[in-house]
Amino acid sequence: MKKIITIIGTRPQFIKASIISEEIKKESLLNEIILNTGQHYNENMSKLFFEELNIPKPKYNLNIIEKSYGNQIGKMMIGIEEILCVEKPDLVLLYGDTNSTLAGALISSQLNIPIAHIEAGLRSYNIRMLEEKNRIITDKLSTLLFTPTSLASNNLEEEKINKNVFYVGDVMYDIALKYTNKANKISKILTDLNIKSKNYILATIHRAENVDNKDKLFNIFTILNTLAKKINIILPMHPRTSKMIYHFNYTSLMSNILIIEPVGFFDMISLENNANLIITDSGGIQKEAYFHKVPCVTLREETEWTETVELGWNKIVNPNHIEQIIHAIYLTLNDINNNKLNYINNMYGYGDASKKIIQHIIKYFDVNCKYIKDSKIDNQIIQ
């Protein structure tokens with residue numbers, strides 16, 4: 001039996017891991033151990049996500065709650081190293097571009113453990129972004145690279161990374177196909193909020209470069225609060241955003257917005273699927289908007305999901321410019337009203353990315369995976 005250690009730490013990773021774990025369970029020759037770094041620590045929210053998605057309970061919880069980048073990465077690496085040296089996995093499975101991903105990649109590579117990277121090849125081409133650094137380094141160190149789009153595969157090709165690169169589609173598209181109907185049936189969020197489908201804008205704001213910047217935060221909430229006088233705006237408030245709203249004394253800028261607590265997985269799918277428009281700074285949600293055929297305005301200077309922009313479903317706007325944000329929002333609302341948007345099916349695969357990933361991993365084990373007796377992990381001594 002081959003042992004896989006999955007390293008996750010954020011709620012989007014919990015979601016992605018759920019469908020991969022489901023496929024791993026079907027294979028008698030695979031055994032998965034989940035390691036949760038605790039990067040997005042919220043006991044109630046984390047527990048809710050694990051329960052709703054039936055994710056196997058993590059065997060290890062590092063509970064690393066650090067604001068400092070250096071302290072967070074350092075403590076993650078120490079904790080991950082100790083666990084990998086005890087478990088001696090055949091493969092480490094990583095998702096996306098978080099600090100948990102980077103820490104897992106650095107330690108796994110140092111211990112000569114093969115790495116499988118899901119969502120490989122994404123590029124915003126803004127090296128100032130922490131996520132961009134994380135994903136580039138992880139791709140360089142990975143053994144198996146699973147890309148969500150053909151463009152991501154091309155990005156790797158341009159960087160001379162062409163061994164064991166597999167275009168499989170997007171696991172989040174698998175999730176959307178599997179759970180959207182269920183979410184609309186079991187979620188009562190719209191009823192609880194007394195809001196009708198396609199009669200509101202969903203907004204999510206959480207990125208540090210937006211909420212920690214006084215001017216950008218002012219611009220964003222001034223626009224949302226003004227717009228909310230004409231159309232319902234629902235905003236699940238991220239703890240970081242709430243903290244900075246009060247820090248900058250911007251509470252008056254929330255008077256017209258329907259502010260709610262962070263929601264669970266099924267409620268979030270329902271909110272996304274039934275929105276008329278989504279305004280966000282999230283990398284994942286701008287893509288999920290496309291899954292649900294909901295136009296999106298992204299408050300960032302760039303995106304790794306450039307195909308959504310090229311098709312017109314996603315407009316990228318610099319949060320420094322109020323006029324540009326307003327123009328993008330009303331232009332998108334006009335596109336909706338005039339049915340100007342064309343949807344391309346299967347741009348993110350066919351809903352079988354998770355199956356393809358596990359098939360490639362099994363094939364890799366069959367052909368390549370043998371423990372190196374003198375590797376660092378076998379000689380490591382944990383003090």
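Tabulated values for the structure
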{"item": "Residue count, the range 66-111 (criterion: touching a Ser or Thr at 6+ places or on another chain (Cβ under 8 Å) and acidic (Asp, Glu))", "result": "1"}
{"item": "Residue list for the range 115-159, filter: hydroxyl-bearing (Ser, Thr, Tyr), in contact (Cβ under 8 Å) with a residue 40 or more places away in the chain and more than 24 Å from Glu32 (Cβ to Cβ)", "result": "Ser124, Tyr125, Thr149"}
{"item": "Residue list for the range 185-208, restricted to those being over 20 Å from Pro262 (Cβ atoms) and in contact (Cβ under 8 Å) with a residue 40 or more places away in the chain", "result": "Ser197, Lys198, Asn199"}
{"item": "Entirely in the range 225-305, the strands (runs of 3 or more DSSP E) that have 2 or more residues that are farther than 22 Å from Ile344 by Cβ and modelled with pLDDT of 95 or more", "result": "232-236, 258-260"}
{"item": "Single residue of the range 141-151 satisfying the filter (of a type in the set (S, T, N, Q) and under 19 Å from Tyr348 (Cβ atoms)) that is modelled with the highest pLDDT", "result": "Thr147"}
{"item": "Residue, farthest from Leu94 (Cα to Cα), within the range 20-61, restricted to residues that are of a type in the set (A, V, I, L, M, F, W, C) and at pLDDT 95 or above", "result": "Leu30"}
{"item": "Pick from the range 230-271, criterion of a type in the set (Val, Ile, Thr) and buried (at least 17 other Cβ atoms within 10 Å of the Cβ), ranking: farthest from Ile201 (Cα to Cα)", "result": "Ile245"}
{"item": "Pick from the range 160-191, criterion within 21 Å of the chain's Cα centre (by Cα) and of a type in the set (A, V, I, L, M), ranking: surrounded by the most Cβ atoms within 10 Å (Cβ to Cβ)", "result": "Val171"}
{"item": "Single match in Asn213, Asn199, Asn274, Asn249 (criterion: over 20 Å from the mean Cα position of the chain (by Cα) and closer than 23 Å to Gln324 by Cα)", "result": "Asn213"}
{"item": "Number of positions in the range 312-367 that are within 15 Å of Thr298 (Cβ to Cβ) and assigned to a loop (DSSP other than H, G, I, E, B)", "result": "7"}
{"item": "Matching option when the condition is under 16 Å from the mean Cα position of the chain (by Cα) and not assigned by TED's automatic domain parsing to the domain that holds Glu288, among Ile7, Ile80, Ile64, Ile33", "result": "Ile7"}
{"item": "Single residue of His360, His292 found to be out of contact with any Pro (no Cβ under 8 Å at 6 or more places or on another chain) and closer than 30 Å to Glu209 by Cα", "result": "His292"}
{"item": "One residue from Asn194, Asn154, Asn219 being surrounded by 17 or more Cβ atoms within 10 Å (Cβ to Cβ), modelled with pLDDT of 95 or more and polar (S, T, N, Q)", "result": "Asn219"}
{"item": "Scan of the range 197-216 for residues that are assigned to a loop (DSSP other than H, G, I, E, B), at pLDDT 95 or above and buried (at least 16 other Cβ atoms within 10 Å of the Cβ), ordered by number", "result": "Ile205, Asn213"}
{"item": "The range 313-347: number of residues that are under 21 Å from Asn225 (Cα atoms) and not acidic (Asp, Glu)", "result": "19"}
{"item": "Residue under evaluation Asp90, criteria (1) surrounded by 24 or more Cβ atoms within 10 Å (Cβ to Cβ); (2) over 21 Å from Lys287 (Cα atoms); (3) out of contact with any His (no Cβ under 8 Å at 6 or more places or on another chain), criterion not met", "result": "(1)"}
{"item": "Residue within the range 320-329 that is hydrophobic (A, V, I, L, M, F, W, C), closer than 27 Å to Leu145 by Cα and either in contact with a strand residue (DSSP E or B) (Cβ under 6 Å, 6 or more places away or on another chain) or not assigned by TED's automatic domain parsing to the domain that holds Asn154 (or both) present", "result": "no"}
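The values are calculated or read from the model by the stated rules, or taken from the named source; none is laboratory data. In this text, all values refer to a predicted model and were calculated from it rather than measured experimentally. Counting neighbours? That spans all protein chains shown, and the Cβs are built from the backbone with ideal geometry, glycine included.
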